[in-house]
Amino acid sequence: MRIELNQAIEMLNSHDNILILAHRNPDGDALGSGYALCRALRSVGKNAEFKYFDKIPKVFLELEACCENTDFEPSFVVAVDCADSKILGDFPDGRYKEKVDLCIDHHSSNTLYAKYTYLDDNAAATSEIILDIARAIGAEIDTLTAQAIYIGLSTDTGCFRYSNTTSKTMRMAADMMDAGINAGKLNRILFETKSKSYAALEAMALATLTKHFSEKCAIMHITLEMHEKSGTDETEIHALASLPRQIEGVLVGATIKEAEPGRYKVSIRTNPPVNASEICQIFGGGGHKRAAGCEIHGTLSEVKKQLLDAIEPFVRDVDPE
């Protein structure tokens, strides 16, 4: 059931012992919104805990110091930045996957799996919504909370370069700078620093890049063997997804990532007017207009063919805006 923001705020105000969950392989916005909500709730005297169950990229590790775990039995479960229960990071025994009381999200593809959902698909990041909530409940926005919010805002907007960036996003980022964050340092760590292993993987991935449909589509792939050769793991490949889209004239950029033999994760990035989420929904995935994901099963060649067949109608008679 969809609810209004004031209703979500009232639910958080009226509950205690709140467990916050994020999607699997959490990105900057999932981590930023989760940690920021946890700190905001604690600052107004509530028991709150943020949990996820995957290894996270090194650039986000210092966020783990934002909220040390406490021990309590949760009575209210909140999911942040997670559009579907299928990708919800949950306890190993799955005890909370079907018991999400409130989902706070900005993905238009949200399946409304939670008992209650506050969804604002005009928000550039879920962290935008969390900052509105934090202010509404009278939470302290200290430097650590501000850092979490800024990481969510900046990563989901490509350091404020993507079309989802609004004037509100920029004002919020400025407010986080006023709260004491070092935006220059964070931007350098998040967007400009590459490990040697990542640089090696990027070179291998770009060597696989092919163009299709009058060069309106560019696809590259990453295999488990490439991870082994470069010394990388899945936490280091997020930035690769945007590379095919950056080529002049490309409307759809796709990165195919081998998760295990026969199973591939696909990241789609698009330029206007193509909707990335509509492509991924063909395979049971989803996301945003410009960034979405899905899974496809088969051999690499089979997966690539299925993906190209799905992409072709979206670019055949379309020119970049």
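Each value in this text was obtained by applying a stated rule to the coordinates, not by laboratory testing. Note that the structure is predicted; figures quoted are calculated from it, not measured. Cβ sites come from the backbone with ideal geometry, for glycine too, and all protein chains shown count toward neighbours.
Considering only segment 5-191, what is the antiparallel percent among its DSSP beta bridges, to the nearest 5?
5
Could you point to the residue in 69, 116, 22 farthest towards the positive end of the chain's charge dipole, with +1 and -1 charges on the Cβ of Lys/Arg and Asp/Glu respectively?
22
Pick out which of 300, 88, 131 has the largest mean-square fluctuation in a Gaussian network model of the chain, springs linking Cα atoms closer than 10 Å.
Maximum fluctuation in the GNM of the chain, among the listed residues, is at 300.
Calculate the dipole size of segment 176-312 relative to its Cα centre from +1 charges on Lys and Arg beta carbons and -1 charges on Asp and Glu beta carbons; express the result in debye to the nearest 20. Walk me through the intermediate numbers first.
Working: 16 positive and 17 negative charges, 63 e Å.
My answer is approximately 300 debye.
What do you get for the angle between helix 143-156 and the principal long axis of the chain? Use alpha-carbon atoms, 0 to 90 degrees, nearest ten.
Taking Cα atoms only, the helix is inclined about 30 degrees.
Separation between the residue 170 and residue 135 pseudo-spin-labels, each 7 Å from Cα along Cα→Cβ, expressed in nm?
Once both label points are built, they end up 1.7 nm from each other.
Would you mind checking 99/265; 51/168; 51/194; 211/257; 86/304; 55/304 for any pair whose Cα atoms are more than 19 angstrom apart?
Values: 99/265 27 Å; 51/168 28 Å; 51/194 27 Å; 211/257 17 Å; 86/304 24 Å; 55/304 28 Å.
Violating the 19 Å limit, Cα to Cα: 99/265; 51/168; 51/194; 86/304; 55/304.
Taking only DSSP H segments of four or more residues, each worth -39500 (n - 2.57), what value at 222 nm results for the chain once the sum is divided by all its residues, to the nearest 500 deg cm²/dmol? All intermediate terms of the calculation are to be shown ahead of the outcome.
Working: 10 runs with 108 residues, N = 321.
That calculation yields -10000 deg cm²/dmol at 222 nm.
Enter the angle in degrees (range 0 to 90, nearest 10) between the Cα long axis of helix 167-178 and the first principal axis of the Cα atoms of the chain, meaning the one along which they spread out most.
60
From the mean inverse distance of alpha carbon pairs (Kirkwood) and the Cα radius of gyration, derive Rg over Rh for the chain. All intermediate terms of the calculation are to be shown ahead of the outcome.
Working: Rg = 19.4 Å, Rh = 20.2 Å.
Ratio of gyration radius to Kirkwood radius: 0.96.
Could I have the simple spin-label model distance between residue 215 and residue 163, label points 7 Å from Cα toward Cβ, reported in nm to one decimal?
In this crude label model, residue 215 to residue 163 measures out at 2.1 nm.
Taking the chain as a Gaussian network, where each spring joins two C-alpha atoms under 10 Å apart, which residue of 288, 212, 106 fluctuates the most?
Evaluated over the chain, the most mobile residue of the options is 212.
Hey, which aspartates and glutamates would be in cross-link range of residue 229, C-alpha to C-alpha under 17 Å, not counting anything within fewer than 8 residues on its own chain?
Of all the aspartates and glutamates, those that pass the test against residue 229 - Cα under 17 Å, at least 8 places apart if same chain - are 202, 258, 260.
What is the antiparallel percent of DSSP beta bridges lying wholly in the chain, to the nearest 5?
Details: 21 of 43 bridges.
Given both bridge residues lie in the chain, the antiparallel proportion sits at roughly 50 percent.
With axes computed from alpha carbons, what is the tilt in degrees of helix 126-136 against the longest principal axis of the chain, rounded to the nearest 10 within 0 to 90?
10
Place +1 on the Cβ of every Lys and Arg and -1 on the Cβ of every Asp and Glu in the chain, take the dipole about the Cα centre, and give the residue among 221, 163, 266 whose Cα lies farthest towards its positive end.
221
Which value in nm describes the separation of the simple spin-label points at residue 228 and residue 206, placed 7 Å from the Cα toward the beta carbon?
2.6
What percent does the relative contact order of the chain come to when contacts are Cα pairs within less than 8 Å and at least six residues apart? Don't jump to the answer; show the numbers that get you there.
Numbers: 624 pairs, mean separation 42.0, N = 321.
Relative CO of the chain lands at 13 percent.
Given Cα positions, please report Rg to Rh for segment 217-321, the hydrodynamic radius being the Kirkwood one.
Numbers: Rg = 13.2 Å, Rh = 13.7 Å.
Answer for segment 217-321: 0.96.
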